[in-house]
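Asks: Let me begin by handing over the structure; questions about it come next.
Just so you know, all these numbers are worked out from the coordinates, no wet-lab data involved. Note that the structure is a prediction, hence the values are computed from the model and not measured. Glycine also receives a Cβ, built like all others from the backbone with ideal geometry; neighbour counts cover every protein chain displayed.
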Amino acid sequence: MTDETAGLTLSARDLWRKYDHFVAVHEVNLQLKRGEVLGLLGPNGAGKSTTLRMLTGNLAPSHGSIAICGIDLLEKPREAKSHLGFLPEIPPLYLDMTVDEYLLFAARLHQVNKKSIKAALHDVKQRCGLEHHGGDLLGTLSKGYQQRAGIAQAIVHHPDVIILDEPTVGLDPNQMREIRELIRELSTDSSVILSTHILSEVENVCDRIQLMHKGSVVFDQTVADLHRQGRNLEMVFTQLTQ
Amino acid sequence: MIATIIRKELHMLFISPLAWLLLALIQAVSAWVFLVRLDAFLEIQPQLLQIANPPGITEVIVSPVFMIAAVLLLMITPLLSMRLLAEERRDHTLTLLMSAPVSIADIVLGKFLSLVLFFSAVIVLVVMLCFSLRTGGALDYGLLLSNTLGLFLLVACFSALGLYVSSLTAQPVIAAAGSLGVLLGLWLIDLANDATAGWLHYFSLLKHFGYFNQGLIDTFSIAYFILFTVTFLVLTIRRLDGERLHG
């Protein structure tokens, strides 16, 4: 492995996805360094969710390759997926389970070491502000706490790549701030992909921005560069997607 | 990994009242049939003594109880199998399993085995019911074993089929109706066929179970049950994998 690829936690090359004759995603290249937060933007239907589903192994690409921590996702899906944490747009919650039961299942599913499972649960509940809700049924929790449980599920096994699809939807401003702080904290030892529609959130949290439109990436720049050029993200978004 | 899935499925099953209700129902009905047959046996016992080589308690009581248990399980399987994949899809939790480091085969096998384990508990209850006859006579263990084996293979078939139908839809109720329809169809298929002349009755699950019920362990029936189970498990895996490939 060369030095250039050693720091990459996720690398997707030339991703294509066709549904019959409709091309949902084409020529998407994505590279993520350790400790980097990537903001994935785009209007609805731009192919963001399709891309994220491909990166998490829920959908096979029609063409292209995906490597997570250097492991090919299509050739060795199990090894590759163990480095991955995913919160889909709709949190995958078993509403009949309590928070503790759910996180325990998520930890076992992601092969967290038996001895460290208890510590991992305690740690993740603290990080996501769920300490006092361990015994509550997921179905009875408010939207904000359900979202937290969804995030907790994605990070319980300390994955190298964390993919969050609109994690702050339906949260109040205080909860949004907490989630942003959590994402910042997570990015110290993992890489994060954040898909969202809230532009201010991207400017606050992300290091780099990729903008998707009609199935391909039309803009890829670091937030620092954007600020240096004095460009406004909202202007860029409107220009490129209209 | 399969163990994690089995554990979760059984946990989900037993935190809902449905599993307990069904266990109670099966036990009540089989105990009722058991007592009715016991009553009948006691009534005809003096006449039985007069014929040479009379049928024993196992034939008169145990076999009919197992037959009723088989029909009951046919009715109940769709209620338990419907949620296995359809509910995961409806609640969007299938994504959690698909993005986790488990193979699709592990998911399908785990779900299948959890259902078979639950039904094994039902079978154990029925066997224990029959064992209570030991207080008043001797049991024909061969016949009991053949019935137990047959019922076990039969529920494996029911479970595999129910799981496959559940993988086809996102609506648990439709999955239940679908698998009940197919299971009833496979039961009644030999009625459409006159006697043993045709070949159609080979597909009837309960016809094959009938041989086990009479104490006949036929390799053809065993092979059919195993083939049936494996076929539907493979179809389920292919179905889930196809979703990943074709979207």
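Asks: Suppose the chain between A:His197 and A:Lys118 were pulled fully straight at 0.36 nm per residue; how much longer would it get relative to their current alpha carbon spacing?
Replies: So the extension gain works out to 24.9 nm.
Asks: Report the label-to-label distance for A:Asp172 and A:Asp96 in nanometres (one decimal), using points 7 Å from each Cα along the Cα→Cβ vector.
Replies: It is 3.2 nm.
Asks: A further question follows. Taking every pair of alpha-carbon atoms in the range A:68-122, what share in percent sits in each 5 Å bin, from 0 to the bin with the longest distance?
Replies: P(r) for the range A:68-122, in whole percents per bin: 4, 17, 21, 21, 19, 13, 4, 0.
Asks: Sticking with this one: With a cut-off of at most 15 other beta carbons within 10 Å, and DSSP calling the residue loop, which trypsin sites (Lys or Arg not before Pro) in the range B:199-242 qualify? Please list them.
Replies: When the trypsin sites (Lys or Arg not before Pro) of the range B:199-242 are filtered for loop state and at most 15 Cβ neighbours within 10 Å, nothing remains.
Asks: Compute the Rg/Rh shape ratio of the protein assembly as shown: radius of gyration over Kirkwood radius, all on alpha-carbon atoms.
Replies: 1.10
Asks: What pairs in A:Lys48/A:Lys76; A:Lys18/B:Lys111; A:Lys18/B:Lys8; A:Lys48/A:Lys115 have C-alpha atoms more than 27 Å from each other?
Replies: Long pairs (Cα-Cα over 27 Å): A:Lys18/B:Lys111; A:Lys18/B:Lys8; A:Lys48/A:Lys115.
Asks: Can I ask one more? Given a Förster radius of 25 Å and the C-beta distance between A:Thr222 and A:Glu181 as r, what FRET efficiency does 1/(1 + (r/R0)^6) yield to the nearest 0.05?
Replies: 0.75
Asks: Right, another one. With the convex hull built on the Cα atoms of the range A:90-158, state its orientation-averaged projected area in nm².
Replies: 4.0
Asks: Pull up all non-local amide H partners of A:Gln221: gap of 5 or more, or a different chain, and H-to-H distance under 5 Å with H placed in the peptide plane.
Replies: Excluding prolines and chain starts, which carry no amide H, the hits are A:Ile209.
Asks: Considering every residue in A:84-91, what mean count of other chain Cβ atoms within 10 Å of its Cβ is obtained?
Replies: Shielding by partners across A:84-91 averages 4.
Asks: Right, another one. Once you place label points 7 Å from the Cα toward the Cβ at B:Asp140 and B:Gln171, how far apart are they in nm?
Replies: The answer from the label model is 4.7 nm.
Asks: A follow-up question, please. Aspartates and glutamates near A:Lys143 by alpha-carbon distance under 12 Å, same-chain residues fewer than 8 away left out - which ones?
Replies: Here the aspartates and glutamates satisfying the reach criterion relative to A:Lys143 are A:Asp172.
Asks: May I pose another question? With r defined as the distance between the Cβ atoms of A:Ser142 and B:Leu227 and R0 fixed at 51 Å, what FRET efficiency is calculated, to the nearest 0.05?
Replies: 0.55
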